[in-house]
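**Q** Encoded as structure tokens, here's the structure I'll be asking about.
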Amino acid sequence: MSIKAKIEQLRSEIEKHDYQYHVLDAPLIADHDYDRLMEELRDLEARHPEFIVPASPTQRVAPRPLPGFAEVRHSTPLLSLANAYSYEDLAEFDRRVRDGFAGPVEYVVELKIDGLAVALRYEAGLFVLGATRGDGEVGEDITDNLRTILSLPLRLREPLTLEVRGEAFLPVATFAQLNNERRESALPEFANPRNAAAGSLRQLDPSVVALRKLDLVVYGLAQQAGAVSARHSESLEFLHQSGFKVSPLRQVVATIKEAYALCLHYQGIRHNLPYGIDGLVIKLNDQAGQVQLGTTAKSPRWAIAYKFPAEVGISRLLDIEISVGRTASLNPTAILEPLTLAGTVVSRATLHNADFIAAKDLRLGDYVYVQKAGDIIPEVVAPVLSRRGAELVPYIFPAACPVCQTPVVQSAGEVAWRCPNPKCPALLREKLIYFASKSAMDIAGLGEAVVTSLVQHKLVADAADLYSLTVPQLLTLPRLGQRSATSLVEAIAKSKHNALDRLITALGIPLVGEKVALTLAREFLSLDVLAQATEAELMAIPEIGPKMAESISIFFAKADSINLIEKLRAAGLNFVYALSARGNALAGKTFVITGTLPGLSREAAAELIMAHGGTVAGSVSGKQPRS
Ligand code: IVH
């Protein structure tokens, strides 16, 4: 078999498994066997780059961030849907359909997945363009970002030219994981999967989008060269057969009553689904009938969205718990009498900050309305004033840190009150937990309990101290045996070789999470170069705005940070971005660095040379002072 044929065979095989896994949720082979196929293809393509094509499964993630998104005019407008909130609304819709269309009426009922509308264009079977809805007429070209979605076929089984419409979304589990990471990184959480999907697709770096693990369901065919099916249900079947994921619910019913029964059924089980839905969509099945009914300026007359009612409950505010976060902020949490809301028991809800509590005048003992925003995060909406007892007094936010009793401070323009004590044990605990967490240094065995114990027993005063911990020291801690102590010391030592982006994440720079850390590592290649970067240099990177740039430069200018970094260097942590990631442009070359280099310390220059595969001769120590 020729190399070209072998490559093609591998691609078809991988596409088949992508479809089985990501569209049908029915994998045929084990992950490592799949990985082996991918590796084989990557390897062949690396040796024969002349055979690489954009539709190859290896080409999902574009290597470079985009400068911005280009505008795309849609072939036909992306409309929205009229909403129905009751059976009466649906019956009214049904009457209008029957008035406007003489043929036999049949409806297709689909899930209304809560994500972001996208239009996808295929030419001769190849995915060539993907766009957001925008204002309905003109959207943004997000082709490179959509290519990272593994359930999106890069090529169809037939060389068809067509345009499909669908919804890009984040599955519930992925959404929860993303918000966890954001919470740990002191980044604002997304209120619901739709905002998260929108935020992800707006990222300029496709490799960051790929990490977000979006999914896609298509629900309609906008344009197709050649035959058009007579029924919408047939179009959906056709799309499914062509390799797309479609709504698992695509039931054909004869009456609006049956459609409503499905709405009620799904209202009851919506929280058991692996993705968020905010309703069901009911569409006239007959495509000629759709054309006959036409559209209003905003929405088709042949379809309607049944929207689930928001779930609100009443509970009691039993207490307000104040914890100290990783950025030293005092974070209030409402402790509620447990109530069931949108399928889960709610007993806590964030109260964000002192201003939030004051603006709503929440008082301990109040009855409060609780709602799930976007049906995911519980939220205290307001006190039930009619049920407020005369004895309840306005809440006074603590004036001192609940852990170290230092009086709290508020910086100008900030809502958060912070504990100013850099030695606050609560702060150290949070920082260490974050440092060791999965998305940061990923140190196995260093969870909350061990960290709490280390802090209590004063074995560490900062993250760098972790690297000098010994087994005998750890054995002095309660509930830690020889075996766990040994593996913990090993896990800590192993983390010294972690990729640079993990270390940047672990430093806990305010506003810098895992994804930004990766961007910074790739841009600056070494921690020392990053530490010296000016705000202007930071802002030259598309994802870095002025706030983030300021936060990064403040962090690296602090004496505590400089001290920590020097201790981490002395402990032998990796400060450079992986060699392979930057190629070996300087391989085989040896450099001697003398004198001063404008804007670069000798150490940083050495790291850069090494990051490109070069060798540095002689000593480069004698770090330049920060200017
Ligand atoms: S049909 C012309 N079907 O809901 C028909 N839309 O307001 C327009 N959506 O953002 C859409 N699931 O992206 C249709 N099964 C489904 C849908 C669906 C979700 C979204 C759509 C749009 C919004 C409509």
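**Q** Going by the alpha-carbon gyration tensor, a ≥ b ≥ c the square roots of its eigenvalues, is region 243-348 rounded (a/c under 1.5) or, if a/c is not under 1.5, prolate (a/b greater than b/c) versus oblate?
**A** Taking the square roots of the gyration eigenvalues as a ≥ b ≥ c, region 243-348 is prolate.
**Q** Here's a follow-up. Grab every C-alpha pair in the chain, bin the distances at 20 angstrom width from 0 up to the longest one, and report whole percents.
**A** Computed distribution, short to long bins: 16, 43, 34, 8, 0.
**Q** Now, a different point. Which values, in whole Å and largest first, are the semi-axes of the equivalent ellipsoid of region 360-441 obtained as the square root of 5 times each eigenvalue of the Cα gyration tensor?
**A** Values: eigenvalues 197, 86, 27 Å².
Taking √(5λ) for each Cα gyration eigenvalue gives 31, 21, 12 Å.
**Q** Same structure, new question: Could you give me the ³J(HN,Hα) list for region 518-525, computed from phi with Karplus coefficients 6.51, -1.76, 1.60 and θ = phi - 60°, whole Hz, x at Gly and Pro?
**A** 5, 4, 5, 4, 5, 6, 9, 6
**Q** Fewest Cβ neighbours within 10 Å first, please rank R47, R348, R155 accordingly.
**A** Listed from fewest to most nearby Cβ atoms, that is R47, R348, R155.
**Q** What shape does region 28-175 have by the C-alpha gyration tensor, where a ≥ b ≥ c are the square roots of the eigenvalues, rounded means a/c under 1.5, and otherwise prolate means a/b greater than b/c and oblate the rest?
**A** prolate
**Q** Still on this structure, I have one more. Pick out, from H22, Y122, I282, the residue whose Cα sits farthest towards the positive end of the charge dipole of the chain, with +1 on the Cβ of Lys and Arg and -1 on the Cβ of Asp and Glu.
**A** H22
**Q** Given only helices, namely DSSP H runs of n ≥ 4 each adding -39500 (n - 2.57), what is the per-residue ellipticity at 222 nm of the chain, to the nearest 500 deg cm²/dmol?
**A** Mean residue ellipticity, 222 nm, calculated: -10500 deg cm²/dmol.
**Q** Still on this structure, please answer the following. What is the order of Y395, Y260, fewest Cβ neighbours within 10 Å to most?
**A** Ranked by crowding around the Cβ, least crowded first: Y395, Y260.
**Q** Packing-wise, with mean Cβ within 10 Å as the measure, how do 236-246, 108-118, 15-25 rank, highest first?
**A** Final packing ranking: 108-118, 236-246, 15-25.
**Q** How much length would be gained if the chain were fully extended between V172 and L597, taking 0.36 nm per residue of separation minus their Cα-Cα distance, in nm to one decimal?
**A** 148.0 nm
**Q** A follow-up question, please. Starting from the amide H of R316, placed 1.01 Å from N in the peptide plane, find each other amide H under 5 Å away whose residue is 5 or more places distant or on another chain.
**A** E337, V368
**Q** Go through 119-126, 53-60 and give me the packing order, highest mean Cβ count within 10 Å leading.
**A** 119-126, 53-60
**Q** Please report E514, E50, E535 as a ranked list, fewest other C-beta atoms within 10 angstrom at the top and most at the bottom.
**A** In increasing order of surrounding Cβ atoms, one gets E50, E535, E514.
**Q** May I ask you to evaluate 6.51 cos²θ - 1.76 cosθ + 1.60, the Karplus curve with θ = phi - 60°, for each residue of region 536-546 and list the ³J(HN,Hα) values in order in whole Hz, giving x for glycine and proline?
**A** Those phi angles translate into 5, 5, 5, 6, 5, 8, x, 7, 9, x, x Hz.
**Q** Does region 182-285 come out rounded, prolate or oblate by the C-alpha gyration tensor, with a ≥ b ≥ c the root eigenvalues, rounded set by a/c under 1.5 and, if not, prolate when a/b is larger than b/c and oblate if not?
**A** Oblate, since a/c reaches 1.5 and b/c is not below a/b.
**Q** Please pull out the direction-averaged projected area of region 395-499, using the convex hull of its alpha-carbon atoms, in nm² to one decimal place.
**A** 8.5
**Q** Measuring from a point 7 Å past the Cα of S80 along Cα-to-C-beta, which residues in region 100-143 have an amide N at less than 13 Å?
**A** Counting backbone N atoms under 13 Å from the label point, the list is 117, 133-137.
**Q** Student exercise: in region 197-298, how many lysine pairs 8 or more apart or on different chains have Cα atoms under 23 Å apart?
**A** Lysine pairs meeting both conditions in region 197-298 amount to 4.
**Q** Another one. Full extension from E50 to I29: what is 0.36 nm times the residue separation minus their Cα-Cα distance, to one decimal in nm?
**A** On the way: separation 21, 0.36 × 21 = 7.56 nm, distance 2.94 nm.
Length gained, E50 through I29: 4.6 nm.
**Q** Okay, moving on. Sticking with the crude label model, points 7 Å out along Cα→Cβ, report the distance from M38 to K423 in nm, one decimal please.
**A** Rounded to a tenth, the inter-label distance reads 4.9 nm.
**Q** Also, quick follow-up: So if we plug the beta-carbon distance of K257 and E550 into 1/(1 + (r/R0)^6) with R0 = 51 Å, what FRET efficiency do we get, rounded to 0.05?
**A** The value I calculate is 0.30.
**Q** Here is a follow-up. As a quick test, which of the pairs K372/K515; K6/K438; K16/K496 have an alpha carbon distance above 32 angstrom in this structure?
**A** K6/K438; K16/K496
**Q** Between T295 and residues 5 or more places away or on another chain, which pairs have amide H atoms under 5 Å apart, with H built 1.01 Å from N, and which residues are they?
**A** The list, which skips near neighbours in sequence, is R301.
**Q** Among the aspartates and glutamates, which fall within straight-line cross-link reach of K558, defined as a Cα-Cα distance under 16 Å, with same-chain neighbours fewer than 8 residues apart omitted?
**A** D462, D528, E535, E550, E566
**Q** Could I ask something else about it? Along the Cα→Cβ direction, 7 angstrom out, place labels at R569 and V471. What is the inter-label distance in nm?
**A** My value for the distance between the label points is 3.2 nm.
**Q** Going toward the positive end of the dipole of the chain, with +1 on Lys and Arg Cβ and -1 on Asp and Glu Cβ, which of L81, L262, L41 do you reach last?
**A** Result: L41, furthest along the dipole toward the positive end.
**Q** Run the numbers for A382 and A102: contour at 0.36 nm per residue of separation, minus the present Cα-Cα distance, in nm.
**A** 95.8 nm
**Q** Could you order the peptides 206-216, 452-462 from most to least packed, using the average number of other C-beta atoms within 10 Å per residue? Could the numbers behind the result be given before it?
**A** On the way: 206-216: 21.2, 452-462: 15.5.
So the order, starting with the most tightly packed, is 206-216, 452-462.
**Q** Note down the magnitude of the dipole of region 7-61 about its Cα centre, charges +1 on Lys and Arg C-beta and -1 on Asp and Glu C-beta and zero elsewhere, to the nearest 20 debye. Mind showing how you got there, number by number?
**A** Working: 6 positive and 13 negative charges, 27 e Å.
Charge dipole, region 7-61, about its Cα centre: 120 debye, nearest 20.
**Q** In nanometres, what is the gap between the two model label sites at V345 and E321, each 7 Å from Cα along Cα-to-Cβ?
**A** 1.4
A short reminder: the numbers here are calculations on the coordinates, not readings from a lab. All values reported here derive from a predicted model rather than from experimental measurement. All Cβ positions, glycine included, derive from the backbone under ideal geometry; neighbour counts span all protein chains shown.
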